[in-house]
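To start, the structure under review is shown below, and the notes come after it.
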């Protein structure tokens, strides 16, 4: 089993650290490039939503990403201390509608659900935890 933890500030500029860490894990853990690229996109969406919408203040907050590779499955837990929000219960956007007729929001979690094989949410100890799983096919 391989593990890695990434601690980030609630700043969009931290996206580079996610990309760099994923590239390093992909090389070390032997992840296929298409997996690391798609997981990076899912993490960009999740992290951006946390930074933009989770906090009611301009203070520094820590967002923690725990990565684990076990039995050809990549597990990622994203933890933040923002306001409670379960993105998994949101209605899926009607992507058949033209963009101008669609309500704003919802595309990010829709994309995450399409990329990842499993998406779950938990709230414990005043922390949000978004759990993502991706099956790795070599």
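Here, each number is a calculation from the coordinates, and none is a lab measurement. Worth saying up front: this structure is predicted, and the values here are computed from it rather than measured. Reconstructed Cβ throughout: ideal geometry from the backbone, glycine too, with neighbour counts over all protein chains shown.
Rounded to the nearest whole Å³, what is the per residue volume of the convex hull around the Cα atoms of segment 2-135?
Values: hull volume 16.1 nm³, N = 134.
Spread over its residues, the Cα hull of segment 2-135 gives 120 Å³ apiece.
What is the extension gain from residue 117 to residue 27, computed as 0.36 nm multiplied by their sequence separation minus the C-alpha to C-alpha distance, in nm to one decimal? Display every interim value, and only then the final one.
Working: separation 90, 0.36 × 90 = 32.40 nm, distance 2.16 nm.
Separation in residues times 0.36 nm, less the Cα-Cα distance, equals 30.2 nm.
So, R0 is 25 Å and r is the distance between the beta-carbons of residue 81 and residue 20; what FRET efficiency does that work out to, to 0.05? Provide the component values of the computation, followed by the final result.
Details: r = 24 Å, r/R0 = 0.96.
It comes out at approximately 0.55.
Please give the length that would be gained between residue 72 and residue 129 if that part of the chain were fully extended, namely 0.36 nm times their separation in residues minus their C-alpha to C-alpha distance (nm, one decimal).
Details: separation 57, 0.36 × 57 = 20.52 nm, distance 2.20 nm.
Taking residue 72 through residue 129 to full extension adds about 18.3 nm, to one decimal.
If I take every Cα pair under 8 Å that is 6 or more residues apart in segment 2-135, average their sequence separation and divide by the length, what percent do I get for the relative contact order?
Once divided by the residue count of segment 2-135, the mean separation gives 26 percent.
What is the spin-label model distance, in nm, from residue 4 to residue 53 if the labels are put 7 Å beyond Cα along the C-beta direction?
About 2.7 nm, to one decimal.
Mind ranking 59-65, 39-45, 120-126 by how tightly packed they are, going by the mean number of other C-beta atoms within 10 angstrom, highest first?
Working: 59-65: 15.0, 39-45: 19.7, 120-126: 10.9.
The packing order, highest mean first, is 39-45, 59-65, 120-126.
Which FRET efficiency value, to the nearest 0.05, is calculated for residue 60 and residue 34 with the Förster distance at 41 angstrom and r the Cβ-Cβ distance?
Values: r = 35 Å, r/R0 = 0.84.
Given R0 = 41 Å and the Cβ-Cβ separation, E is 0.75.
Rounded to the nearest 5, what is the percent of antiparallel bridges among the DSSP beta bridges in segment 2-135? Present the calculation step by step, with values, prior to reporting the outcome.
Working: 30 of 30 bridges.
Bridges in segment 2-135 are about 100 percent antiparallel.
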